[in-house]
């Protein structure tokens, strides 16, 4: 009797491997620490939440800037938390509040030029951190890992 073709069979139930889960957590922490080191070299002092808010605002670059409520929904936090984040980022001149031209009661958040350059530097720090962490792998192993991560990210996106 022949075994089923793995390319055409549905995956079975997934059992969480505690060792794999722990390795993923450790790798995530290591990546975060490496990125923080590279950010320190660039003299960028942002919290992870501030960094995430900047990235979310940047996703709106081809659309009207997001409202505070849009940011709260994307960050899955209460609007007051977004106000605190925006206040801190505005003090660093990375974002600015702008009135909505269609409704003056609505405030939108847009990146400043400083915010755009900060994001470029953050992306560079993230790439440098990934290079550090992935250095022990061969090019082929990095390609395989990239494919596996894409599968996991794409699979998670379809469930959300």
First measure r as the distance between the Cβ atoms of residue 40 and residue 75, then evaluate 1/(1 + (r/R0)^6) with R0 = 22 Å and state the FRET efficiency to the nearest 0.05. 0.35
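Mind ranking 100-110, 117-127 by how tightly packed they are, going by the mean number of other C-beta atoms within 10 angstrom, highest first? Please list the in-between numbers first.
Working: 100-110: 13.0, 117-127: 15.7.
Going by the mean number of other Cβ atoms within 10 Å, highest first, we get 117-127, 100-110.
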Between residue 123 and residue 83, what's the calculated FRET efficiency when r is the beta-carbon distance and R0 is 25 Å? Round to 0.05. 0.45
Computed [θ] at 222 nm, helices only, for the chain once each DSSP H run of length n ≥ 4 contributes -39500 (n - 2.57): -20500 deg cm²/dmol
Compute from the Cα atoms of the chain the Rg and the Dmax, the latter being the longest Cα-Cα distance, and quote both in angstrom. 20.1, 72
Can you tell me the order of 37-43, 58-64 when each peptide is scored by its average per-residue count of other Cβ atoms within 10 angstrom, highest first? 37-43, 58-64
Normalised by the number of residues in the chain, what is the relative contact order in percent for Cα pairs under 8 Å and 6+ residues apart? 23 percent
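Given a Förster radius of 25 Å and the C-beta distance between residue 91 and residue 132 as r, what FRET efficiency does 1/(1 + (r/R0)^6) yield to the nearest 0.05?
0.20
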Residue separation times 0.36 nm, minus the C-alpha to C-alpha distance between residue 21 and residue 59: what's the value? 10.7 nm
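None of the figures in this text is laboratory data; all of them are computed from the coordinates on show. Bear in mind the structure is a predicted one, so any value in this text is a computation, not a measurement. Note that we place each Cβ from the backbone using ideal geometry, even for glycine, and neighbour counts take in every protein chain shown.
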